[in-house]
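Every read-out reported here was derived from the displayed coordinates using simple, explicitly stated rules and does not represent laboratory data. Not measured: the values here are computed from a predicted model. Using ideal geometry, Cβ is built from the backbone for each residue, glycine included, and neighbour counts are taken over all protein chains shown.
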Amino acid sequence: MEYQVHPETKIGRVHLTVTDLARSLAFYTERLGLQALRHGANATLLGVDKRVILALTENPDARPAGRTTGLFHFAVLVPTRSDLAHALRRLVEKGTP
């Protein structure tokens, strides 16, 4: 059975510009368990249970804006400690730094 995040997982939609869409898509689907809901030529919407929570747009020339912190992190709140432990175990098993 393919791993998926818990259906009650909540997050406001986050939009990220990435330099390599395929690499980012693999990370968010294979490591975090999000589902690819819609694909475009240079963009993908990811989520859970048809609810979009992450939009990835590819721009190979994208670079961090000068002298800003940019996005430091975003959090995914899972419903239970057990779900958190399961997600953490999966990241460790996949060798995610």
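Considering only the range 25-40, how many residues are of a type in the set (G, A, S) and over 17 Å from V5 (Cα atoms)?
Counting residues in the range 25-40 that are of a type in the set (G, A, S) and over 17 Å from V5 (Cα atoms) gives 1.
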Only listed residue being within 11 Å of the chain's Cα centre (by Cα) and in contact (Cβ under 8 Å) with a residue 60 or more places away in the chain, chosen from A55, A75, A36: A75
Among the residues listed as L54, L37, L25, L71, the single one being of a type outside the set (D, E) and in a helix (DSSP H, G or I): L25
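Does any residue of the range 43-61 turn out to be within 17 Å of E2 (Cβ to Cβ) and among the aliphatic types (A, V, I, L, M)? Full working, then the answer.
So the first thing to find is which residues in the range 43-61 are within 17 Å of E2 (Cβ to Cβ), and the list is 46-50.
Add one more test, that the residue is among the aliphatic types (A, V, I, L, M), and what stays is 46, 48.
So far as the range 43-61 goes, yes, one or more of its residues are within 17 Å of E2 (Cβ to Cβ) and among the aliphatic types (A, V, I, L, M).
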